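Here the structure comes first, spelled out in structure tokens, and everything after it is commentary.
The numbers here are math on the coordinates, done by the rules we state, and not lab data. Bear in mind the structure is a predicted one, so any value in this text is a computation, not a measurement. All Cβ positions, even for glycine, are placed from backbone atoms using ideal geometry, and neighbour counts span all protein chains on display.
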Amino acid sequence: MDLTPRTRTRIVLADGGIPLRAFSDEKGIWRYPVTLDQVSPLYIEALLGYEDRWFYDHPGVNPFSMVRAVWQWGTSGRIISGGSTLTMQVARLRRPVPRTVWGKLRQMVAALQLEWHYDKGEILTYYLNHAPFGGTFEGVQAACFAYFDHGAEELTHAQAALLAVMPQSPSRFRPDRFPGRAERARNKCLDRLKTFGLWSEREVAEAKQERVVAWPVEVSMTAPLLARRLHQGLPRETIRVETFIDFSLQASMEQLVRDYASGLPPHVSISVMAMENATGAVKAYVGSADFLNTERFGSVDMVRALRSPGSTVKPFIYGMALDEGLICSQSLLMDVPIQFGDYQPVNFHRSFSGPVSSASALAHSLNLPAVQLMDHVGPRFFYAGMVNSGFHIKLPPGATPNLSMALGGFSTSLEDLVLAFSSLGRGGRTVTPRLTRDAAMEEAPLLSEGAAWIIQEMLIPARDAQLRRSGATFAVKTGTSYGFRDAWALGVDQEYTVGVWVGRPDGTPVPGHYGAQTATPLLELAFQQLPPHTSLIPRPDSVSEAKICWPEGAALSTGEFCDQPRVAWLLDETAPPTLTSTRDAQGPAVTHLAIATTPDGRYRVPSGCQVRAAAWTRLTLWPVELESWLPPAQRRRMMIPPPVPECAGKGALVLEESVRIEGLGDHEVVMKKDPERGYPAFKLRVLGGNGPWYWFENSTLAVQGEVFTFHPEYPGAYQILVVDQSGAVDKIHVDVL
């Protein structure tokens, strides 16, 4: 006979050995492996004192106990005590025998064999792990988790006595079903321990005051989806799975998510992951809003689910653009309708802002500037950089890296987004989230240290600016996938990266719920649950502060005049020139002209004209795509004077022709003439420019041609915009009441 353990319960443990979730064996038995030093000495005292005081002295069979049992049986006519030693009980647990004289003899022989081959510690350990405690619970650790909701290392005197007596009649002494009967059996054990002088009278008296209460037996489950994930991916022989989960943080995050979900529509779920940046240790893993809530698809782990990331990857486009020397933190970008081949992106809020800084464009998650940068960085370069950092990108079937990736045109997971955002708190290097203690730490470069710092600085909300010096803030990026299917919020500081997803696991849209409105408040609450820590990320030496000038983007020298100066973070002291609207656009984005003018400056003197020029004037012209958003004085038609009348036909400048919308003025108000009828229609026409012309209504392409019929159906603010093939734009705003 040997003491090979039976199949055991697999248990997933939090940091510090606290159980998260366990999985029964194939027969449904809950059995947690423990060693002698993991069990309270009180239980060992109670067990040996009640069952086998001479355990360490006899060879497996106690002849005095056997004689006493036979004498009691003979004088009373019934079995009063069985006379079995713990070793004999282990023999019966290992190989059950009939309760007959012959069976008892076989049990004694088996006990002697065990004592010959194994030491006392091994025999006692087997008993601790296999003794029956009612129902499907075997072993003292399983009993403790089931009946007391804690481990066997922290038992009271009363609990130790109850556990010592339960294996005598496991079903009859179950505290959850028969608390009175269990309490009487426990007190009998306590009295015997007092009689033998093992426990003092005071200890026994205090233990008897502890009531046995019929609490319902529940299998504890914390981080159930993480535990299930680890359970499914491990070989059968693995019994203990040690994670980095902070038990108290996990519990508070789960409660926070349940409370937050109660205010969301039915079927909406939530997932949250919190990771320690230094090591990649995952400290909290909430896979769904409520594991037991079938209405919210609680059994679906949304930390791993593949979803469209929306705008959450934009920071890494900007970061790569910084590293490539294409922008600084205040570079001029274009939030205007730009056609990138056959791809026409629009903004989430269905309007355009014109000239914007890279910091403002990222903070407000504008789509057009992000696509403009993706076009200059290159989709394949972006794809390779992200994948090489450990980030997983799943493109649609048959697709290759393309500009739509800037707006979430691929699938990834919350776990991967946490990996990517960790680079902003780790000097540009990602770390793969580590779920178990035996998982190797994997790092990979994504951005330079300076680019990572600038990006996280750009993502710190403006309302938290006053908190920067104290360090009590963190960078935030939100995202919303197409059709309001996924709401995202990612946060990062020096020590932690936290990701939040909100949506329906079945992919059904949740109209009106988007990242900033739905996911960000939960992210802020999640950061409040984290342990106190340092959040401020030190600025690296490669980042400096300087003034640049719009529209060129060049750094300003001391004392140099600039109409629109900006204070920017520069990487490696580089202030790049303003980018063109697309990578294939010809010439620079900003045009510099040197023109000769008459003494009063009213006229330009063309080359070859006989009129004597009074002076040469240097003009800086903004990108033509931004003309409609500039003050009139900064538009090229106002800045460049007409030629002198005497030389009107000589030396004409080649300039993009401006366009103008005719039919409605800017900020017109439209109302119904008759409340019973609809709104009137307006026939708008474009003047100037070079066809073809494209008309946009609230950033959506409406029609191509010289004429557009504007016929509003609903009240609200409308933006009407026309753009020609050269990029010249005009726009008007109309308020429909």
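A few remarks follow.
- Interchain or long-range residues, amide H under 5 Å from ALA131's placed H: GLY139, VAL140
- Extended-chain gain in nm, criterion 0.36 nm per residue less alpha-carbon gap, ARG637 and HIS349: 100.6 nm
- Every Cα-Cα pair in the range 10-208 was counted, and those over 29 Å apart are 24% of them.
- Subtracting the Cα-Cα distance of LYS27 and LEU701 from 0.36 nm times their residue separation leaves 236.3 nm of extension gain.
- Cut-off 19 Å, label 7 Å out along Cα→Cβ of ALA384, residues of the range 284-320 by amide N: 316-320
- Over the chain, DSSP H runs of length four or greater, each weighted -39,500 (n - 2.57), average out per residue to a 222 nm ellipticity of -8000 deg cm²/dmol.
- Shape of the range 556-691, Cα gyration tensor, a/c cut at 1.5: oblate
- When the Cα gyration tensor is reduced to axis lengths a ≥ b ≥ c, the ratio a/c is 1.5 or higher for the range 96-214, and with a/b above b/c it is classed as prolate.
- The range 379-415 residues near the modelled LEU306 label - backbone nitrogen below 15 Å, point 7 Å along Cα→Cβ: 391-401, 409-415
- The chain: angle of helix 120-130 to the longest principal axis, Cα-based, in degrees nearest 10: 60
- Per-residue Cβ neighbour counts within 10 Å put MET320, MET108 in the sequence MET108, MET320, beginning with the fewest.
- The tail of the calculated P(r) for the range 590-655, taken as Cα-Cα distances beyond 18 Å, holds 36 percent of the pairs.
- Correct choice for P(r) over Cα pairs in 10 Å bins from 0, in percent that was computed from the model, options (1) 3, 12, 17, 16, 13, 11, 8, 7, 5, 4, 2, 1, 0, 0, 0; (2) 2, 12, 20, 25, 21, 13, 5, 1, 0, 0; (3) 3, 13, 24, 27, 20, 9, 3, 1, 0, 0: (1)
- Summarising the label geometry, the points placed 7 Å from Cα in the beta-carbon direction at GLN168 and ARG94 lie 2.5 nm from one another.
- Pair SER544, VAL611: separation of 7 Å Cα→Cβ label points (nm): 4.6
- Mean-position separation - Cα centroids, the range 139-155 and the range 262-297, in angstrom: 28
- Exposure rule at most 11 other beta-carbon atoms within 10 Å, DSSP loop trypsin sites (Lys or Arg not before Pro): the chain longest free segment: 237-468
- Sorted ascending by nearby beta carbons within 10 Å, beginning with the fewest, TYR694, TYR482 become TYR482, TYR694.
- Ranking of CYS328, CYS562, CYS549 by count of other Cβ atoms within 10 Å, fewest first: CYS562, CYS549, CYS328
- Helix 520-529 and the longest principal axis of the Cα set of the chain meet at an angle near 40°.
- Between 0 and 90°, nearest 10: helix 414-425 axis offset from the chain longest Cα axis: 70
- Phi-based couplings in Hz for the range 692-700 (Karplus 6.51, -1.76, 1.60; Gly and Pro marked x): x, 10, 10, 9, 10, 10, 6, 6, 9
- Near the amide H of ASP730, within less than 5 Å, lie the amide hydrogens of VAL722, all on another chain or at least 5 residues away, with H placed in the peptide plane.
- Computed extension length for HIS592-THR620: 9.6 nm, one decimal, from 0.36 nm per residue of separation with the Cα-Cα distance subtracted.
- Cβ charges +1 (Lys, Arg) and -1 (Asp, Glu), total dipole of the chain, debye: 2580
- Gyration tensor (alpha-carbon) shape descriptor, the range 352-475, a/c threshold 1.5: oblate
- Remark: for residue pairs LYS477/LYS547; LYS120/LYS188; LYS683/LYS731; LYS314/LYS394, the C-alpha separation exceeds 24 Å in LYS477/LYS547; LYS120/LYS188.
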